[in-house]
Structure formats: structure tokens, C-alpha cells
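Right, one structure below, let's go through it.
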Amino acid sequence: MENINPNDRAKEIHDVITNKIAHNMSTIAVLTTNSEVVIVGTSESKLRNEQRKILKENELEAESITGNHAEENAIAEAKKQHLTGIEIGVSREICIDCQELIEKEEIISHTAFSGKKSTKRKS
Ligand SMILES: [Zn+2]
């Protein structure tokens, strides 16, 4: 298995968005699993074309559910694929709701936790 750093990879995929506003409005989460598959979740409805273009063969785009955070989409996709999430890296600080989910699922993360609710969270 290739040893990837999900934090760095999440930032890489996020940073191909060059428009500053669009960049600020989105988040990318990269989740390694107990297989070669690495799941890429976005907070948007889908990955942008420029992001999809740089995905590697073993990187799977998570289906997005409206209003879900990138982390939630990535973790839900792992379940759907019957994979176990190992480590998640996120391109910005992780909100408290996602932190709780990550801890419940016993997934490792070296991304900073904000300790706060997301201001973008609708509910
Ligand atoms: Zn979150």
C-alpha cells in the first residue's frame, strides 16, 4: 500500500481551485482505508473538473449529500464500499460535529480540530 499523507493530499486536491472565493467555500477530505482505495470527499455537490483530473487510479470520489461536510461524505462512502476508514486528512480545521464522528468511527486524524461548530452548518 502506498503511504500517503492524507493531510497533504487533501490540501493538494483543494488547492487546484485557483479562484479564491471558490477555494474558501469548499473543503476536501481524504480518507485512507483498509484497502488500496483512498476516498476523496468534498463539501460541494461534486469534485470540480480540475480536481477530478488529478485523482489517482486508487482515489475514489465520494458521493456528496447536500449540506454534508467533506468528512461526512468521505466516511459515508467508505461504509457504502464496505471499507474501514483508517486515517482522514482535511484541507481545513475539522468542526466539532465531524470530530465526534471521526472519534466514533475510530479514525485517526492529524488535522487540527477547531473545537467549534461549523459556521456554515445549516442545521
Ligand atoms: Zn465538519
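Across the range 27-42, what is the total count of residues that are within 13 Å of the ligand (Cβ to nearest atom) and free of Cβ contacts under 8 Å to residues at least 40 places away in the same chain?
The qualifying residues number 2.
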Checklist outcome for this item: Expected output for the range 3-17 (first residue at negative phi, partner polar (S, T, N, Q) and outside any helix (DSSP H, G or I), Cβ below 6 Å, 6+ apart or cross-chain) is P6/T32; N7/T111; A10/S91; K11/S91; H14/S91
Checklist entry - Tally time: how many residues in the range 96-123 are away from the ligand (no atom under 12 Å from the Cβ) and crowded, with 18+ Cβ neighbours inside 10 Å? => result 1
Next on the checklist: Within the range 58-95, take every residue that is within 12 Å of the ligand (Cβ to nearest atom) and open to solvent by 50 Å² or more (accessible area, probe 1.4 Å) and give me the one that is farthest from V38 (Cα to Cα).
Outcome noted: E93
Next on the checklist: Looking at the range 76-110 only, could you name the residues that are of a type in the set (V, I, T) and farther than 12 Å from L31 by Cα?
Outcome noted: I94, I96
Next on the checklist: Any residue that is open to solvent by 70 Å² or more (accessible area, probe 1.4 Å) and in contact with a strand residue (DSSP E or B) (Cβ under 7 Å, 6 or more places away or on another chain) - is there at least one of those in the range 24-44?
Outcome noted: yes
Checklist entry - Out of all the residues in the range 1-21, which are in a helix (DSSP H, G or I) and closer than 19 Å to I75 by Cα? => result P6, N7, D8, R9, A10, K11, I13, H14
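The values are calculated or read from the model by the stated rules, or taken from the named source; none is laboratory data. Note that this is a predicted model, so its numbers are computed, not measured. Note: ideal-geometry Cβ built from the backbone for every residue, glycine included; neighbour counts use all protein chains shown. Keep in mind that these areas ignore ligands, DNA and RNA; they rest on the heavy atoms of the full protein, side chains included. Shrake-Rupley method; radii C 1.70, N 1.55, O 1.52, S 1.80 Å.
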